[in-house]
Amino acid sequence: MPNDARVTRRQGLRTAAAAAIAVPLLTTAGSTLPAAAGEHAGALNVMTFNVRFATVVDSTPRWSVRRPVMRELLRRERPHVIGTQEGLYQQLRMIEKDLGGHYDWIGTGRGGGSKDEFMAIFYDTRRLAPIEFDHFWLSGTPYVIASNTWGADWLRMVTWVRFRDLSDGGREFYVLNTHLDSVSQYARERSAQLIGETIAEFDHGLPVIVTGDFNVAAHRNRVYDLMLDAGLVDTWDAAGARSPGYGTYHGYRKLKPDGRRIDWILSTPGVTTHWAAMNTFTLNGQYPSDHLPVQASLTLG
């Protein structure tokens, strides 16, 4: 769920954002690849997706209703990497099955083991091989399982994987996936700082991709500033072509043009973003989640 806190606006990449080419809205009809973006041989297709946990207790659409929609969306898109947020263990097992062959995933529950929500990273095994991975909690004791020292409303954590790209001469890169707190600005800022410190410890010669639900709007919160100050680039702003923009949390309601973009794909500067898109896929009027998945086509450089 998003947070509506307002703080200072970052000006840095607004010019680049305005200059990007608009591409068609992703719809239920045909391929969702932005037609104006063109093909880019060897590009890595990345998605960040808050899948909405598998609920049966509230008024939102149940997982049994949403699952077929998500299956169709993912089978159409088949990203090489998907950073998911909120997925529960059995739900993620179903998503793995629905993706069909050649996909695997890495993650752990934020409560430890299979408990609670995951920050899972799915990957296409035909394209990528994991070299190493780890998890840490967004707290002052990051390697204490299920720790929460910054007053976050929920347990929050990170999963990261170092991959080898099997189609690019064995090029290696990192993917880091997270979901920041929906209530505490202090916890979000401390979390962003810890993520930046972690990235600084990675092999500096390798590209980094960050996926996540940050629960604050890009350009409108210090958390965004902290992530960019950690040496990252917002792929939405850097993209050569882009779909129309909406608030990425829609809550199953009408999409809001130019709304709060709280789901981001970030990268280190050497990565080229060919196109970025918000996927508005529905099936019989049903969205797969209360968030739009965000996608980017990347060349790692």
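The values are calculated or read from the model by the stated rules, or taken from the named source; none is laboratory data. Predicted, not measured: the structure shown is a model, and the values here were computed from it. Glycine also receives a Cβ, built like all others from the backbone with ideal geometry; neighbour counts cover every protein chain displayed. Side chains are part of the model used for accessible areas, which takes the heavy atoms of the whole protein and leaves out ligands, DNA and RNA. Shrake-Rupley method; radii C 1.70, N 1.55, O 1.52, S 1.80 Å.
State whether the residues of region 118-135 include one that is open to solvent by 10 Å² or more (accessible area, probe 1.4 Å) and more than 30 Å from Gly42 (Cβ to Cβ).
Looking for residues that are open to solvent by 10 Å² or more (accessible area, probe 1.4 Å) and more than 30 Å from Gly42 (Cβ to Cβ), one finds none in region 118-135, hence no.
Give the residue that is farthest from Pro61 (Cα to Cα), with candidates limited to residues of region 285-301 that are touching a residue at least 60 places away in the same chain (Cβ under 8 Å) and surrounded by fewer than 17 Cβ atoms within 10 Å (Cβ to Cβ). Even if it seems obvious, please write down each step before you answer.
Step one: of region 285-301, the residues touching a residue at least 60 places away in the same chain (Cβ under 8 Å) are 286-291, 293-301.
If we keep only those that are surrounded by fewer than 17 Cβ atoms within 10 Å (Cβ to Cβ) as well, we get 286, 299, 301.
Values: Gln286: 9, Thr299: 36, Gly301: 41 Å.
The residue in question is Gly301.
Condition first: of a type in the set (D, E, K, R) and either in contact with a Pro (Cβ under 8 Å, 6 or more places away or on another chain) or not in a strand (DSSP E or B) (or both). Now tell me which residues in region 172-189 satisfy that.
Step one: list which residues in region 172-189 are of a type in the set (D, E, K, R), which gives 172, 181, 188-189.
The answer is Asp181, Arg188, Glu189.
Conditions tested, residue by residue: (1) more than 18 Å from Leu292 (Cβ to Cβ); (2) not acidic (Asp, Glu).
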residue	(1), (2)
Ser64	yes, yes
Arg76	no, yes
Val81	no, yes
Thr84	no, yes
Gly109	yes, yes
Gly113	yes, yes
Ala129	yes, yes
Glu132	yes, no
Leu138	yes, yes
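In this structure, does Pro269 turn out to be touching a residue at least 24 places away in the same chain (Cβ under 8 Å) and within 17 Å of the chain's Cα centre (by Cα)? Talk me through it step by step, then tell me what you get.
On the way: touching a residue at least 24 places away in the same chain (Cβ under 8 Å): yes; within 17 Å of the chain's Cα centre (by Cα): no.
It is false that Pro269 is touching a residue at least 24 places away in the same chain (Cβ under 8 Å) and within 17 Å of the chain's Cα centre (by Cα).
Is it the case, given these coordinates, that Val223 is in a strand (DSSP E or B), modelled with pLDDT of 95 or more and open to solvent by less than 40 Å² (accessible area, probe 1.4 Å)? Please lay out each step first, then the result.
On the way: in a strand (DSSP E or B): no; modelled with pLDDT of 95 or more: yes; open to solvent by less than 40 Å² (accessible area, probe 1.4 Å): yes.
So Val223 does not fit the description; no.
Anything in region 251-283 that is open to solvent by less than 10 Å² (accessible area, probe 1.4 Å) and in a loop (DSSP other than H, G, I, E, B)? List them, or say none.
Ile262, Asn279, Phe281
Considering only region 45-135, give the strands (runs of 3 or more DSSP E) lying wholly within it that have at least 3 residues that are touching a residue at least 60 places away in the same chain (Cβ under 8 Å). Step through it out loud before you land on a result.
Details: elements: 81-85, 103-106, 121-124.
Because the criterion is at least 3 residues that are touching a residue at least 60 places away in the same chain (Cβ under 8 Å), the strands (runs of 3 or more DSSP E) in region 45-135 that meet it are 81-85.
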